[in-house]
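A quick write-up on the structure given underneath.
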Amino acid sequence: MGEEPPQGTPVGRRIVLGLLALGGLGIVAGRAVSEALDALARRDPTGLAAALPGGVGFRYYSVTGEEPLRTSADYRLVVTGRVTHPATYALADLAALPQRRVVRDFQCVTGWRVPSVAWTGVPLREVVDRAVPDGSARAVTLRSFDGAYTESLTLEQARRDDVLVATGMQGAPLSRAHGGPVRLLVAPMYGYKSLKWLAEVEVTDRVEAGYWEQRGYDVDAWVGRSNGRRDEPV
Ligand SMILES: Nc1nc2c(c(=O)[nH]1)N[C@H]1C(S)=C(S)[C@@H](COP(=O)(O)O)O[C@H]1N2
Ligand SMILES: [Mo]
């Protein structure tokens with residue numbers, strides 16, 4: 001790994017959702033409790049919530065140290081670049097496209113992993129292919145409305161079933177802290193590929209290294225097969 005772990009600035013504190021320990025309680029109870037823990041952790045600048053039972057959980061990351069805001073009313077996703085039909089999607093437009101649910105462990109390259117996270121949203125290929133990539137198209141660059149974070153995928157990776165323009169997580173709308181109203185989910189790769197606060201998909205003629213890749217991390221970030229790590233693949 002590089003000298004600088006890709007954890008950005010945790011937004012305020014470390015957070016444990018405790019979903020593992022609560023797995024037996026069922027989805028509804030688990031979600032209610034995780035929301036309570038979430039609220040607790042957000043009020044807890046000391047980070048003591050990280051010591052709650054449950055062992056593993058999400059940490060909230062933002063390289064800018066901020067949580068940028070787009071309301072569900074003013075959110076827009078633009079699809080640009082080497083396409084013949086550039087498009088702009090409001091949240092309702094995304095909701096009208098084919099939806100998909102992906103349940104997968106979520107793992108950061110620094111080592112933490114959250115088991116069996118349920119995501120919902122539109123496969124990225126739906127918005128890419130609706131824009132009709134031209135003959136020069138090879139990849140996509142993703143941009144965040146935080147103004148700093150970027151990511152990229154090959155066109156082939158972007159068309160996978162487990163790569164989503166995600167609007168939901170654990171049965172609820174995606175929270176602002178987790179990148180809402182819309183983030184990218186690249187389920188088979190380390191967390192840094194899953195860009196939060198997604199604003200733009202630009203179709204490009206080559207892969208452009210993203211924020212963390214410019215700082216030494218692998219562009220192809222398959223869990224267990226990159227960054228010199230030996231994690232269980234997801
Ligand atoms: N815009 C933005 N997206 C981001 C990051 C970030 O700092 N800014 N951090 C990445 C990293 S390193 C991880 S592990 C995940 C963490 O997702 P979470 O904050 O929802 O836990 O978001 C990824 N996407
Ligand atoms: Mo990460």
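The values are calculated or read from the model by the stated rules, or taken from the named source; none is laboratory data. As the structure is a computational prediction, the values presented were derived from the model and not from experiment. FYI the Cβ positions are ideal-geometry reconstructions off the backbone, even for glycines, and counts take in every protein chain you see. Only protein heavy atoms, including side chains, enter the accessible area calculation; ligands, DNA and RNA are left aside. Shrake-Rupley method; radii C 1.70, N 1.55, O 1.52, S 1.80 Å.
Our estimate of slack between Gln214 and Arg101, defined as 0.36 nm per intervening residue step minus the Cα-Cα distance, is 37.6 nm. Using only alpha-carbon positions in the stretch 151-234, the gyration tensor eigenvalues give semi-axes of 21, 16, 12 Å once each is multiplied by 5 and square-rooted (largest first).
Could you compute the FRET efficiency for Ala73 and Ser175, with r as their C-beta to C-beta distance and R0 at 22 Å, rounded to 0.05? Here the calculated transfer efficiency is 0.85. Expressed as a whole percent, the accessible area of the stretch 110-234 that falls on carbon and sulfur atoms is 44 (1.4 Å probe). With protein chains left intact and a 1.4 Å probe, residues in the stretch 64-181 average 41 Å² of accessible area per residue. Kirkwood hydrodynamic radius computed over the stretch 136-189 comes to 12.1 Å, based on all pairs of distinct alpha carbons.
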